[in-house]
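Scroll down for the structure; my scribbles are underneath it.
The values are calculated or read from the model by the stated rules, or taken from the named source; none is laboratory data. Here the structure is a predicted model, which means the values were calculated and not measured. Virtual Cβ from ideal backbone geometry, glycine too; neighbours counted across all protein chains shown. Remember, those area values only see protein heavy atoms, side chains included, never the ligands or the DNA or RNA. Shrake-Rupley method; radii C 1.70, N 1.55, O 1.52, S 1.80 Å.
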Amino acid sequence: MKRYFIHTFGCQMNVNDSLRMSEVLAKMSYEPTPVPENADLIILNTCSIREKAEDKMLSALGRYKPVKASRGAILGVGGCVAQQEKDKLLKKVPYLDFVFGPDNIARLPDIIGRVHAERERVVETAFVDSEEYVFPRADPETSRGKVTEFVTVMKGCDNVCSFCIVPHTRGREVSRAFPDVLQEVDGLAKVGVREVTLIGQNVNSYLGGISFAQLLLRTAEVPGIERVRFTTSHPHDLSDELIEAFRVQPKIAPHFHLPVQCGSDRILKMMRRDYTVEQYLERLAKLRAARPGIAVTTDIIVGFPGETEEDFELTLKLTEQVRYDNQFSFIYSPRPKTGAALREKDWGPVEHEVKIARLERLQKVQRRISAETTAALVGAEVEVLVEGHSRYDATKRFGRTPENRTVNFDGDAPTGSFVKVKVERSTPNQLAGKQVEVLQLPTVEPLPVAPPVSPFHVIAEA
């Protein structure tokens, strides 16, 4: 059989797209290899949300060039950079064979066939019209042996924030019909998945026949599913109905990723974020009242054009006020065709050294808050869904709490179990302890051996 390797950059949407690619390739008699040097086909599934991810993609292409030369492997680029650059990538990388956008995963057999048969370099980056778009249907068997899985519920974004390239690379919002979502979740539950994460660029604006809150509630009712998560969200879609869903359904995990982006109303307006800090805090207060103890995480951009020291101090103040469990913070990176990139000179670019210094200050504050939050749990007992062996110590087990905190612990509970763990140590990013009690065994007999090594080399670049 021919072998493939997929190198994935970016968000959960990209990881999920890579899984769909693997299913398409399996039907073409390709099998995965964890070693790119053994591959006959290498695909880079790319992210363009920040410039750094693009640079890493180009660096990886350079590393895979010798594989193409020695094995005759064909080399392709998919994802958001492909959608953004189109045929420019073929000019920039003369040894690249094909380029395809996120809407064209189903066309991989045709694309690869043309490369092989006609020796042509192929570009397929056209968006599929919303009315004609068909979401790739996942094969539940590819998830057998896992306890947690992603389920795509929508794609694209209509918000057009001035810093974001997603509308240009993923297109307008398209929601997946709710019966299809529930059918996929049911199939995953039947092969042992206990937790699903509903994903999309802006999931809580979902319009697939029911509201997003109703979709969460129905997903939680699927037999075998014990936890429901979702990502990512826009604050203006945090509705009272969604808050109520957190109050009435305990299977909706008490974790909410709510990107604020900045603590300054002036900068939020320039970002085209249609809320103020006061409005953000009001919605957050309602959420915390409905679900006490809920963990809140966020995204923050530092050094947006025109950001003053006063603006940045307001972001630090917000971080202290909210006390996020964690935050994903980045320096501003101008992206092609976005409003902020077009107006950066007018607004006033922030010097790179200033951006870096501010980011370090912000991350230092967040590390302290995260450390204080996890340290407060030492001595407590927490519920953990066992996902497998610890990546750091094969003699230990690994899982996550409902609040999405990672836990490495001594114990023998099988994958897919719910256990009670007594926390003995903590760091800002994880907990460690000892298994106290098995609360619930897996619904499906765990695999007798560990799942095969994933063919996906994932680089987390949000």
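How would region 255-391 be classified by its alpha-carbon gyration tensor: rounded, prolate or oblate, with rounded meaning a/c under 1.5 and the a/b versus b/c comparison settling the rest?
prolate
Shape analysis of region 379-440 places it in the rounded category; the axes a ≥ b ≥ c from the Cα gyration tensor give an a/c below 1.5. Charges were assigned to the Cβ only: +1 to each Lys and Arg, -1 to each Asp and Glu. The resulting dipole of region 1-73 about its Cα centre is roughly 160 debye. Counting only protein heavy atoms and a 1.4 Å probe, the chain has 44 square angstrom of accessible area per residue.
Listed as lacking a disulfide-compatible partner in the chain: Cys11, Cys47, Cys80, Cys157, Cys262, by the criterion of no other cysteine Cβ under 4.7 Å.
At full extension, Val378 and Arg63 could sit 109.0 nm farther apart than now, given 0.36 nm per residue minus the alpha carbon distance. Magnitude of the charge dipole for the chain, about its Cα centre and with charges confined to Cβ atoms of Lys, Arg (+1) and Asp, Glu (-1), is about 840 debye. Extending 7 Å from Cα along the Cβ direction at Lys86 and again at Lys434 yields two label points whose distance is 6.3 nm.
By accessible area of protein heavy atoms, probe 1.4 Å, what ranking do Lys27, Lys155 get, highest first?
Lys27, Lys155
Taking 0.36 nm per residue of separation and subtracting the Cα-Cα distance, full extension of the segment from Glu118 to His389 would add 92.9 nm.
Cα centroid separation, region 1-64 to region 335-383: 29 Å. Per-residue SASA remark: Thr395, around 110 Å² accessible (1.4 Å probe; ligands, DNA and RNA not included).
Annotation note: trypsin sites (Lys or Arg not before Pro) in region 331-403 located in DSSP loop regions with a Cβ neighbour count of at most 12 within 10 Å are Lys337, Arg391.
Under 13 Å of direct C-alpha separation, and excluding same-chain neighbours fewer than eight residues apart, Lys65 reaches these aspartates and glutamates: Glu37, Asp40, Asp97. Counting only protein heavy atoms and using a 1.4 Å probe, the accessible area of Asp139 comes to about 70 Å². Pairs of Cα atoms under 8 Å, at least six residues apart: use those to get the relative contact order of the chain, whole percent. After rounding, I find 14 percent. How large a share of the accessible area of region 1-102, in percent, is made up of carbon and sulfur atoms when the probe is 1.4 Å and the other protein chains stay in place? With neighbouring chains kept in place, the figure for region 1-102 is 52 percent. Working from label points 7 Å from Cα in the Cα-to-Cβ sense, the Ala357 to Leu281 distance is 2.7 nm.
Per-residue surface analysis assigns Met1 an accessible area of about 150 Å², computed on protein heavy atoms at 1.4 Å probe radius. Per-residue extension of 0.36 nm, minus the Cα-Cα distance of Ala26 and Leu316, leaves a gain of 99.6 nm for this segment.
Counting other C-beta atoms within 10 Å, and keeping those with at most 15, which DSSP coil GluC sites (Glu not before Pro) do you find in region 57-166?
Passing both the DSSP loop test and the Cβ count: Glu120, Glu131, Glu132.
Taking 15 Å as the straight-line reach from the Cα of Lys155, the aspartates and glutamates in range (excluding those fewer than 8 positions away in the same chain) are Asp17, Asp103, Asp129, Glu131, Glu132, Glu173, Asp180.
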